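Structure record follows, encoded as structure tokens.
The values are calculated or read from the model by the stated rules, or taken from the named source; none is laboratory data. In this text, all values refer to a predicted model and were calculated from it rather than measured experimentally. Counting neighbours? That spans all protein chains shown, and the Cβs are built from the backbone with ideal geometry, glycine included.
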Amino acid sequence: MSISRADHAPALVGAATLLGLFALLELAIRAGLVDRYVVPPPSDVVASFARIVTEEDIPHRFAQTALEGLGAAVLIALVGIPAGLLLYRHMVLRVAVQSWVAALAAAPLVLAYPLFLVIFGRSAMTIVMMGFISGVAPVTLKTLEGLSATRRVLIDVGRSLKLTPAQQFRLVLLPAAVPTIFVGLRLGLVFALINIVGLEFLINFGGLGQLINELAERYDLAGTYAAIAFVVLVSVLFFLALERTERWLRPGR
Amino acid sequence: MSDPTVVPWPRPVSAARPESVLTVDDILVRFQTRDASVTAVDRMTFDVRHGEFISVIGPSGCGKSTLFNVIGGLITPTSGLVTVAGEPIRGPHPAIGMVFQEESTFPWRTVLDNVAFPLEVRGVSRRVRLEKARDVVAMVGLTGFEGHYPSELSGGMRQRVSIARTLASEPKILLMDEPFAALDEQTRLLLGDKVLQIQQTLKQTTLLITHSITEAVQLSDRVVVMSYRPGRLKRIVDIDLPHPRTSEIMTSDAFGHYVAEIWGDLRDEASRGMAEAEASRGART
Ligand SMILES: Nc1ncnc2c1ncn2[C@@H]1O[C@H](COP(=O)(O)OP(=O)(O)OP(=O)(O)O)[C@@H](O)[C@H]1O
Ligand SMILES: [Mg+2]
């Protein structure tokens, strides 16, 4: 009993903190400390939820942004993790490109969006590729870091049992690196989602980003913030899914 | 099962030993560091007979783990040869099972899955390997902890999981590098008894690396004493104590005699090691 309560405690404290902050903001706005034309009162935002869900086709847009995010996430994992492995296996390659990859991770890639538009057109593909490109570098770097940090002795256990390279990777290196790889995936996903929503906003296409653009242009501040809440919901869902996957792949922390 | 009569252990035969399963022949290991080369093991030669329990003892840093890795096939020696059943080894030999000095359980596997690991790698079916693993887990006294993860165990229990994992692979030759070093004296004695008991039932050839004199005398048929820097063979001491043994043997006179004898050998080495360490510390400041 007490264990399940302890499990819920962080979530409850988190929710309470959030509600408390909203209440403070509400008070500050009502007291005139914050301009309500810059930040709408949280109560207005909550009130506008129903309106934007029915009038602005939120389910559809939400699904579109989430699917673009999922596409980018899958690509990031499918390319980023093997790339990290490749760098781990080949010393020369690592020395040659590691700093480039690090530079890629830090570059403001969203500025290259016109190039993507030219290649992929004004389509979901452009957005997915933008998300993928901006999120893949941290996954590669963190995969490399996790594999390199595998304790020597665990590798030696595998060697002493004459594991094949494939077994050594699947049974020792990969599980040992999973926590670090997931740090990379979280980072990569954050970058990807920011860029996906940002690009929807910029090229006025598709999902939640475009909606935020439209609502902002209509000066529907409460609606804009409500739409942003849905973006947050997308990322919360992704993070929950990642956490589940990690615990499944790597029990016994 | 156990024979109540005390069986005298065979005395060593001097030169050619046809029954030896493992030979360490003139092993030299030199590490090249950035500005110096360190000789970690200097021309070590000895052999291990079938079913024998042999200990290698020496002060910290004398090259024991290096030797362990050479015998396990994880390090290629600069020169010299290790043979198993007459065959020179190249890389890890399937007849050798290793228990490492460092904590080496897989934190993402339960106790049972850790222990079953060598069998899983060999493609033993799930049912068979788990059954086998359960037996070995019981052997090291961890029944009831099969479903636990290493993070939920004490250091001593984790070390037992490592030992069990190696035992599960049923190696003909068991190599252990200070497996009890991180444990308190009581656990150490009891676990030593346990290992000896298992070794006797399985008739397993065992090479134990240790820096504990009492542990070496308690468990071994012979003790290989190493010198400090470079790690050379100083002496091989036959321990002519009756079998089967338990830690109770430690109260006997003969036991004390052996301990004193080995300590006499090691004292010079250990104090030389400390003096060297102090000198180099002094030189640096
Ligand atoms: N990879 C390496 N590169 C350079 N020097 C090494 C390497 N491994 C070990 N050495 C050196 O070889 C010597 C022997 O090391 P080793 O680990 O074999 O000692 P040990 O007897 O096992 O010590 P302990 O009882 O503390 O475990 C040490 O002086 C160490 O500094
Ligand atoms: Mg050592």
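The selection criterion, being more than 16 Å from ligand 2 (Cβ to nearest atom) and modelled with pLDDT under 90, holds for residue B:4.
Of the numbered conditions (1) under 23 Å from residue A:235 (Cα atoms); (2) among the aromatic types (Phe, Trp, Tyr); (3) exposed (fewer than 13 other Cβ atoms within 10 Å of the Cβ), residue A:62 satisfies every one except a single condition; which is it? That leaves (3) as the condition not met.
So that you can scan it fast, the table gives a plain yes or no per residue for (1) hydrophobic (A, V, I, L, M, F, W, C); (2) away from ligand 2 (no atom under 16 Å from the Cβ); (3) under 25 Å from residue B:32 (Cβ atoms):
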site: B:82; (1), (2), (3): yes, yes, yes
site: B:91; (1), (2), (3): no, yes, yes
site: B:97; (1), (2), (3): no, yes, no
site: B:113; (1), (2), (3): no, yes, no
site: B:128; (1), (2), (3): yes, yes, no
site: B:132; (1), (2), (3): no, yes, no
site: B:147; (1), (2), (3): no, yes, no
site: B:156; (1), (2), (3): no, yes, no
site: B:161; (1), (2), (3): yes, yes, no
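The set of residues from region B:211-246 being of a type in the set (Ser, Thr, Tyr) and within 14 Å of ligand 1 (Cβ to nearest atom) comprises B:212, B:227, B:228. Just one of (1) away from chain B (no Cβ under 13 Å); (2) surrounded by 18 or more Cβ atoms within 10 Å (Cβ to Cβ) fails for residue A:175. It is (1). Residue check: residue B:240 meets all listed conditions (1) within 16 Å of ligand 2 (Cβ to nearest atom); (2) surrounded by fewer than 19 Cβ atoms within 10 Å (Cβ to Cβ) but one, namely (1). Where helices (runs of 4 or more DSSP H) fall wholly inside region A:129-245, the ranges with 3 or more residues that are under 15 Å from the mean Cα position of the chain (by Cα) are A:174-203.
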